Amino acid sequence: MDTREYLNTFIGFHRSEIDQSICDRFERIVYQFPERIAISSQGRKVTYTHLNESANRLAHVLSAQQKQNSDPVVLMLDHDTPILTAILGVLKAGKAYVVLEPSLPKARFDTILADFGEPIIITSNQHRKFAATLKNGNCNVVNLEQLDINLPNINLSLSIPSETVAAIFYTSGSTGQPKGVQRTHQDILHRIWLETNDYRICSDDKIALLYSAGFAASVADIFNALLNGATLCLYDFRELGIANLTPWLQREEITMFHLPVALFQQWLHGLEQQEQFPKLRQVTPSGKLYRREVERCWQHLPGNCTLVQRFGASETGMCTRFLVTRETLLSTPVIPAGYPVADTKILLLDENSQPVIGHNTGEIAIKSRYLSSGYWQKPELTKQKFLPDPNDPRGQIYLTGDLGRWQSGGCLEHLGRKDFMVKIRGFRVELGEIETALNQHPQVQGAIVITDEPQPNEKRLVAYITASQDSLNSNRLHRFLATKLPNYMVPSSFVFLDTFPLTPNGKIDRQALPTVDQNWHCSEHRIVAPQTPVEIQLAQTWCDFLKLEQVGIYDNFFELGGHSLLATQIMSRINEKFKLNLLLRNLFEAPTIAELSNRITTLLEMQAASNSLSIQTMEEGEL
């Protein structure tokens, strides 16, 4: 497309529109682009006019039924065009929407719906019966497929204040109870204002919606498209999987897409060398992005494509951003979280809530007027997490629970969750640092590091790995990490998986990782009994210290539960037994009995040869 033609379809987003409602902007777009395709889903295309009229019919129904009820409206619909009709209809009626996946367990529905009185549930033929059972039948169920076609389809033109709650997104809570994050028209519009103008989003764009509309990450995709006259293209991962994503992107001629970094990695590593995406101009992997993945991307993406790394939360939206092009110089293995976006200030706080100094690590706090308005029906939690800004009566400060530090030039480096800072045998360890080191191995596709506690007060590190080649094994990874990390940061166990388990929104589900039994280890070999005198003595030493009944000569010391403290004790015993002076690093470099036995045997042979030569020399001297 000619550049001038593209610019003619870019209408921009005026700052003053932030203080209106989402509906005001959407209805302006409908007026300007009535016959443009608003939604493309499962082979069906819907124009802006048709989408607006369908949403208006629902809005009239809601306006008539819920005049005295301020509760949000619950949407129980599949990932298809009706979910967008329902979202817009709810907003036009001046209400907030809550999307609950039909596949959620009933207990999850019950927990969330306990926050509401007698809510309206918008659903379809397929899910109507289930919806009618919720809250003991005390819900007003509206079947979107059964709406009267003769209902008014004109705009309600309600005056909706910009601070009105537009959506509530339920996320997992640290207490085990889900919490509803409120997002207002104003803070959503602030995000769309920023991205529309920075990314030059226009009506010729085709924006993918891969996230469920029930997740806060969907907000930018939905409204970047529908508030700019672009086409929103829906892809259902549950139905189509990762294998069909490439032909879909090419067929739909997607220009912008956003997906969790775990799915991005799977997609990227599955691409054939010749596969290209000439229409893509922006890709946003949500999560920790590595330099090697960026470099691999350029084999498939056009020269004008930009990769976007950013940091944010459901409570904040996007807070920082780092744009990567082919010309960007990347000096670190991990792409930084970036620079603060407009109207946002980043604070790094120590454990006493005081600003950290220099390049020290601190908890990331977000200061802005455009944060969430808090948690639905949880005022105490809201007060705990959202602090008033002492310098701005309209501003707030949100404590993210994430760790970060400043790079030179004011760029933020995201170091992972505060919860992922652990102590291993007295040492403070950042799990994200170990994951970064593992991801630098050329055969590692992905790495997750957690802690477990096989025995009381004895934490150990466990790494879960997806690899590009079957030849990668734990011994190689031990040696690799030993050159990059201190001993106490090298995991005790490595678990190799084909793929990582994912949550419904595409993030890695750490809770679903397979457990590692106390006596389990990832040996790539069957147990081979020791044969030589050195192997037998080493095996006995290992069994004594590791409290095992037997070990094989190819078993890895660290995978059997060994760690640096035990390694020190074992090497002391070995030196005592064999009258040697081996350094601790020998066990890290040769972590199996077979390898360590070879080293010891060689040293003993050299020692014997040296003694023999000394005796011979003495005898010759006597002669």
State all residues of the range 295-348 that are touching a residue at least 60 places away in the same chain (Cβ under 8 Å) and aliphatic (A, V, I, L, M); if no residue qualifies, say none.
Ala313, Met318, Val334, Ala337, Val341, Ala342, Ile346
Any idea how many residues of the range 70-94 are farther than 13 Å from Ile121 by Cβ, small (Gly, Ala, Ser) and part of a helix (DSSP H, G or I)?
1
Going by the conditions given, is Leu189 assigned to a strand (DSSP E or B) and crowded, with 22+ Cβ neighbours inside 10 Å?
no
How many residues are surrounded by fewer than 16 Cβ atoms within 10 Å (Cβ to Cβ), assigned to a loop (DSSP other than H, G, I, E, B) and either not assigned by TED's automatic domain parsing to the domain that holds Asn391 or not basic (Lys, Arg) (or both) when one looks only at the range 306-351?
12
Would you tally the residues in the range 354-398 being touching a residue at least 40 places away in the same chain (Cβ under 8 Å), under 19 Å from Arg183 (Cα atoms) and of a type in the set (A, V, I, L, M)?
4
Going residue by residue through the range 49-59, is there one that turns out to be buried (at least 20 other Cβ atoms within 10 Å of the Cβ), over 30 Å from Gln20 (Cα atoms) and in contact (Cβ under 8 Å) with a residue 12 or more places away in the chain?
no
Among what's in the range 111-160 and is of a type in the set (Val, Ile, Thr) and not in a strand (DSSP E or B), pick the residue that is farthest from Gln377 (Cα to Cα).
Ile149
I need a count of the residues in the range 236-257 that are touching a residue at least 40 places away in the same chain (Cβ under 8 Å) and either in contact with a strand residue (DSSP E or B) (Cβ under 8 Å, 6 or more places away or on another chain) or within 19 Å of His269 (Cα to Cα) (or both).
8
Of the conditions (1) at pLDDT below 95; (2) more than 34 Å from the chain's Cα centre (by Cα); (3) on the phi < 0 side of the Ramachandran plot; (4) of a type outside the set (Phe, Trp, Tyr), Arg128 satisfies every one except a single condition; which number is it?
(2)
Specify which of the listed residues (Leu158, Leu147) is under 25 Å from Ala220 (Cβ atoms) and surrounded by 12 or more Cβ atoms within 10 Å (Cβ to Cβ).
Leu158
Take the residues in the range 403-427 that are of a type in the set (A, V, I, L, M, F, W, C) and modelled with pLDDT of 85 or more, then tell me which one is farthest from Lys367 (Cα to Cα).
Leu415
Looking at this structure, is Thr400 at pLDDT 90 or above, more than 22 Å from the chain's Cα centre (by Cα) and either under 22 Å from Val462 (Cβ atoms) or not basic (Lys, Arg) (or both)?
no
If a residue has to be in contact with a helix residue (DSSP H, G or I) (Cβ under 9 Å, 6 or more places away or on another chain) and among the aliphatic types (A, V, I, L, M) to count, how many in the range 324-353 make the cut?
6
What number of residues within the range 540-587 are aromatic (Phe, Trp, Tyr), under 25 Å from Asn473 (Cα atoms), in contact (Cβ under 8 Å) with a residue 40 or more places away in the chain and assigned to a helix (DSSP H, G or I)?
1
Complete set of residues in the range 285-305 that are surrounded by 22 or more Cβ atoms within 10 Å (Cβ to Cβ) and either among the polar types (S, T, N, Q) or closer than 23 Å to Thr196 by Cα (or both):
Pro285, Ser286
I'd like to check something: does the range 402-423 contain any residue that is farther than 20 Å from Leu289 by Cβ, among the aliphatic types (A, V, I, L, M) and crowded, with 18+ Cβ neighbours inside 10 Å?
no
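Yes/no matrix, rows are residues, columns are (1) farther than 25 Å from Gln186 by Cα; (2) at pLDDT below 95:
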residue	(1), (2)
Asn8	yes, yes
Arg15	no, no
Gln20	no, no
Val30	no, no
Lys45	yes, no
Leu51	no, no
Lys67	no, yes
Lys92	no, no
Determine whether the range 164-186 contains at least one residue that is touching a Phe, Trp or Tyr at 6+ places or on another chain (Cβ under 9 Å), in a helix (DSSP H, G or I) and at pLDDT 95 or above.
yes
Out of the residues in the range 444-476 that are in a loop (DSSP other than H, G, I, E, B) and small (Gly, Ala, Ser), which is modelled with the highest pLDDT?
Ser468
Answer with yes or no whether Ile201 is part of a loop (DSSP other than H, G, I, E, B), among the β-branched types (Val, Ile, Thr) and surrounded by 23 or more Cβ atoms within 10 Å (Cβ to Cβ).
yes
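The values are calculated or read from the model by the stated rules, or taken from the named source; none is laboratory data. Please read all numbers here as calculations on a predicted model, not as lab measurements. Ideal geometry is used to build each Cβ from the backbone, glycine not excepted, and the neighbour counts take in all protein chains shown.
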